[in-house]
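The values are calculated or read from the model by the stated rules, or taken from the named source; none is laboratory data. All values derive from a computational prediction rather than experimental measurement. Positions of Cβ are backbone-derived with ideal geometry, glycine not excepted, and every protein chain shown enters the neighbour counts. Areas reflect the complete protein model, heavy atoms only, side chains present, ligands, DNA and RNA absent. Shrake-Rupley method; radii C 1.70, N 1.55, O 1.52, S 1.80 Å.
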Amino acid sequence: TIHPQPKAGFAISRPLGICIGEVVSFSDQSTGADGTVNEWHWNFDDGNSDTQNNPSHLYNATGTYQVGLYIVNSFGCNSDTLFKPFTVNSYPVINAGEDRFVLEGGSILLKPIVTAIEPTYLWEPATYLNNNLIAQPTSAPQEDITYKVTVTGRGSCSSSDVVFVKVLKGPKIPNTFSPNGDGINEKWTIEYLDTYPDNRVQV
């Protein structure tokens, strides 16, 4: 008796790839021809293998792997090995930078340092920004604000960081004061001076 050859087949739970540290699942879709499938031989291309019909696997390094499967049916007939590529992506590395300072009425360019493949950007909130979907937006804040930037790279892997923008209000300098003990205008107080780091006042 000559039996037809069984055919290996499988589906990947995340066919477009995963982020490192995530688990991927494989679903058997093989056909045993005139027999039933009773052996599965998986090769995950990272030195690991499995003999379950629907295994899950955790990859410990980024890269593209050729996942292989061959099956054996109840007549002892082997299928050819089916290979499918699968990618494990890294998370973007992002540094939104140190706190920023901007004079009241002015604007500032936000310049995060990003390492990612095919990055997209989302700045939240979008308040005072000229565009919250670009790498380096310009902010013209009216009040102090903290921005969160989320970078999404290949495989929908995302990382976030925040940056604080301090608005330096224009100092209001009184031109007189009267330290005469009547409790009115006793001190020469410059409003908003405390918001200027390392300031120096010269009279």
**OP:** Restricting attention to strands (runs of 3 or more DSSP E) lying wholly within region 1-89, give those where 3 or more residues are more than 30 Å from S158 (Cβ to Cβ) and more than 29 Å from the chain's Cα centre (by Cα).
**Re:** 37-43, 63-73
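Can you name the residue in region 52-74 that is small (G, A, S) and closer than 14 Å to F86 by Cβ and, of all such residues, is most open to solvent (accessible area, probe 1.4 Å)?
Filtering region 52-74 for residues that are small (G, A, S) and closer than 14 Å to F86 by Cβ, the one most open to solvent (accessible area, probe 1.4 Å) comes out as S56.
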Subject >> Verdict on S49 being modelled with pLDDT of 95 or more, touching a Lys or Arg at 6+ places or on another chain (Cβ under 9 Å) and either under 14 Å from T87 (Cα atoms) or polar (S, T, N, Q) (or both) >> reply: no
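What about D99, is it at pLDDT 90 or above and of a type outside the set (S, T, Y)? Outline the logic, then answer.
Numbers: at pLDDT 90 or above: yes; of a type outside the set (S, T, Y): yes.
So D99 fits the description; yes.
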